Amino acid sequence: MEKNILNIDLSSAKEELIEIYPKKVAKKRSKAIVVADPDNIPEIQANVRTIPGIITQRGCTYAGCKGVVLGPTRDIINITHGPIGCGYYSWLTRRNQTRPSENEPNFMTYCFSTDMQDSNIVFGGEQKLKDAIREAYELFHPKAIAVFSTCPVGLIGDDVHRVARQMKEEIGNGINIFGFSCEGYRGVSQSAGHHIANNQLFRNLIGNDDTVNATHKYRINVLGEYNIGGDAFVIDELFNKCGIQVVATMSGNSTVEQFETAHTADLNLVMCHRSINYVAEMLETSFGIPWMKSNFIGADACAKSLRKVGKYFGDPELIARIEEVIAEEMIPVIEARAKAKLKTNGKTAMLFVGGSRAHHYQELFDELGITTLCAGYEFGHRDDYEGRRVIPSIQIDADSRNIEQITVTKDETRYKPRKTEEELKALEAEGLEFNGYDGMMAEMKKGSLVIDDLSHYEMEKLIEKYHPDVFCAGIKEKYCVQKMGIPLKQLHNYDSGGPYAGFAGAVNFYKDIEQIACCSIWKEMKAPWESEEYVEAVYAAV
């Protein structure tokens, strides 16, 4: 029987979720659990430390820096300076794809690590790092080598930046070697690693090459797209079809050349604002490139984003071409959507993913008639929920001060505003928004539940109470949820599915969600302790 969403009351869930916690813990967690109201957006607690003892779904600062932002770049050798486990865990776990041309290197399939041992912890690991960089260069002769600090490196004081400078001078040959102080403990989540990665990308790569290799008149960057399951391929092909060149994707299917020439584009589109909005701001401050929030997850959202780009450039011929592409692409989408919606309409979902996906994927679920009961981010900030307008009111705490704040100024020789102030104001009057976003809660249904940094216990209680038809999260939650008889779709790496971006991706998503959300086998599943009898021993008194 399909659920009547009007009869599902989520208002009591908050008290039930926190009642088991000690009084002090409950008080803190209650600030991170709010009921959505798009007309009067509530304040939510976010980007604070996870309470000790609560099983969080978060990753570490290193994971955000190396695993998310730099991991999808194919021609940079990424060396993890630390124990082998850190390097292994971040090795191709997110299914980032790439397409190197013939004779072009692809280092993504390798795992580079200094494999620190006990003796390195005692006596220091800088020499071992130097040896690793030399070996990597002798074997592969890459354009660039990046070094990532892990927790032990920060604790013993190895200076990866000094080693990088020394090895860059020693090797020469134009190689670029740079480091990231992204020790896992440096921030409250992987979000800190994104910020650190953004800073070093701008310092060491972005703007290094002024060459303009124009294939189309209009040129953009797509920021915060990581080519999971091939999403970036779909987006690139879509823009190419419209007559728009994607100069750089940060950082799905990316290369050193893309980073170095990103400053030559005319517009930045920001998808995952949490992971890359720092670069968007830097590119605007230094080079004069404006940025807009975009979303290519969901057919309707994709069409809306394409139209925004057409309106920005203001070329009637381009706008007409975009409309032609949308009309052509929507034909199979409408057919697939109608077919899937016959089964999915009225279903419910819960999404607890990343720093944008729990927002973006609600568009796709809406298209299928699936209602999102609860949603939240693992590493979001308040502005991700409430909108960018709240940033000035967010207090800087001690954890945020662990992240270096770099000062970016106007490049005196290369700063070139792509639009005048008058032009930008005119575009804003037509409905375009620059340098901003409304956040997730503005687009959520009134009465739905928003939870930051969902704990394992809270997840189980929500499932027990509301039995969603599909749960979207990551690998840490996957098997626990499935053992409760609820299908889980990973949206960190799409399991074996995807791409889900663009119009073609929407069709893929419709089919996959129809299969898992409407499959009756999940309701028949029972955990072993629910279906098997156990023999209990009785001990005789001695």
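Can you tell me which residue in segment 1-21 is modelled with the lowest pLDDT, limited to those that are small (Gly, Ala, Ser) and surrounded by fewer than 11 Cβ atoms within 10 Å (Cβ to Cβ)? It would help to see each step written out before you state the result.
Our first condition is that a residue be small (Gly, Ala, Ser); within segment 1-21, this holds for 11-13.
Filter again for surrounded by fewer than 11 Cβ atoms within 10 Å (Cβ to Cβ), leaving 11-12.
On the way: Ser11: 78, Ser12: 84.
Per the criteria, the residue is Ser11.
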Can you tell me which residue is surrounded by the fewest Cβ atoms within 10 Å (Cβ to Cβ) among those in segment 111-142 that are of a type in the set (Ser, Thr, Tyr) and in contact (Cβ under 8 Å) with a residue 24 or more places away in the chain? Tyr137
I want to confirm something. Restricting to segment 344-359 and keeping residues that are at pLDDT below 95 and assigned to a helix (DSSP H, G or I), which single residue is nearest to Ile276 (Cα to Cα)? Arg357
Index of the failed condition, Thr73 passing every other in (1) at pLDDT 95 or above; (2) open to solvent by 50 Å² or more (accessible area, probe 1.4 Å); (3) under 19 Å from Thr255 (Cα atoms): (2)
Is there a residue in segment 420-437 that is within 18 Å of Gly380 (Cα to Cα), surrounded by 17 or more Cβ atoms within 10 Å (Cβ to Cβ) and in contact with a Ser or Thr (Cβ under 9 Å, 6 or more places away or on another chain)? no
The residue that is nearest to Ala232 (Cα to Cα), considering only those in segment 491-508 that are at pLDDT below 95 and within 16 Å of the chain's Cα centre (by Cα), is Gly498
Just to be sure, is Lys24 outside any loop (DSSP other than H, G, I, E, B) and either among the hydrophobic types (A, V, I, L, M, F, W, C) or open to solvent by 50 Å² or more (accessible area, probe 1.4 Å) (or both)? yes
For segment 453-498, give me each residue that is of a type in the set (Asp, Glu), in contact (Cβ under 8 Å) with a residue 40 or more places away in the chain and either outside any helix (DSSP H, G or I) or over 19 Å from Ser12 (Cα atoms) (or both). Asp453, Asp469, Glu477
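Going through Gly179, Gly207, Gly187 one at a time, which residue ends up being touching a helix residue (DSSP H, G or I) at 6+ places or on another chain (Cβ under 7 Å), in a loop (DSSP other than H, G, I, E, B), in contact (Cβ under 8 Å) with a residue 24 or more places away in the chain and more than 24 Å from Val309 (Cβ to Cβ)?
Working: Gly179 fails: in a loop (DSSP other than H, G, I, E, B); Gly207 fails: more than 24 Å from Val309 (Cβ to Cβ).
Checking each option against the conditions leaves just Gly187.
Mind checking which strands (runs of 3 or more DSSP E) fall wholly inside segment 221-338 and carry at least 2 residues that are open to solvent by 10 Å² or more (accessible area, probe 1.4 Å)? So that I can check it myself, show each step before the final result.
Details: elements: 244-251, 267-270, 291-293.
Where strands (runs of 3 or more DSSP E) fall fully within segment 221-338 and carry at least 2 residues being open to solvent by 10 Å² or more (accessible area, probe 1.4 Å), they are 244-251.
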Any residue in segment 59-67 that is among the charged types (D, E, K, R) and either part of a strand (DSSP E or B) or over 25 Å from Gly224 (Cβ atoms) (or both)? no
Which condition does Tyr385 not pass, out of (1) at pLDDT below 95; (2) open to solvent by less than 50 Å² (accessible area, probe 1.4 Å); (3) part of a helix (DSSP H, G or I), if it passes all the others? (1)
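Output the residues belonging to segment 420-452 that are assigned to a loop (DSSP other than H, G, I, E, B), more than 21 Å from the chain's Cα centre (by Cα) and touching a residue at least 12 places away in the same chain (Cβ under 8 Å).
To start, the set of residues in segment 420-452 that are assigned to a loop (DSSP other than H, G, I, E, B) comprises 420, 430-440, 444-448, 452.
Filter once more, keeping what is more than 21 Å from the chain's Cα centre (by Cα): 420, 430-433, 445-448.
Within segment 420-452, Glu430, Gly431, Leu432, Glu433, Lys445, Lys446, Gly447, Ser448 qualify.
The values are calculated or read from the model by the stated rules, or taken from the named source; none is laboratory data. No experiment lies behind these values; they were computed from the predicted model shown. No Cβ is skipped: glycine too gets one built from the backbone with ideal geometry, and neighbour counts run over all protein chains shown. The protein model used for the area step is the full one, side chains on, heavy atoms only, and it has no ligands, DNA or RNA in it. Shrake-Rupley method; radii C 1.70, N 1.55, O 1.52, S 1.80 Å.
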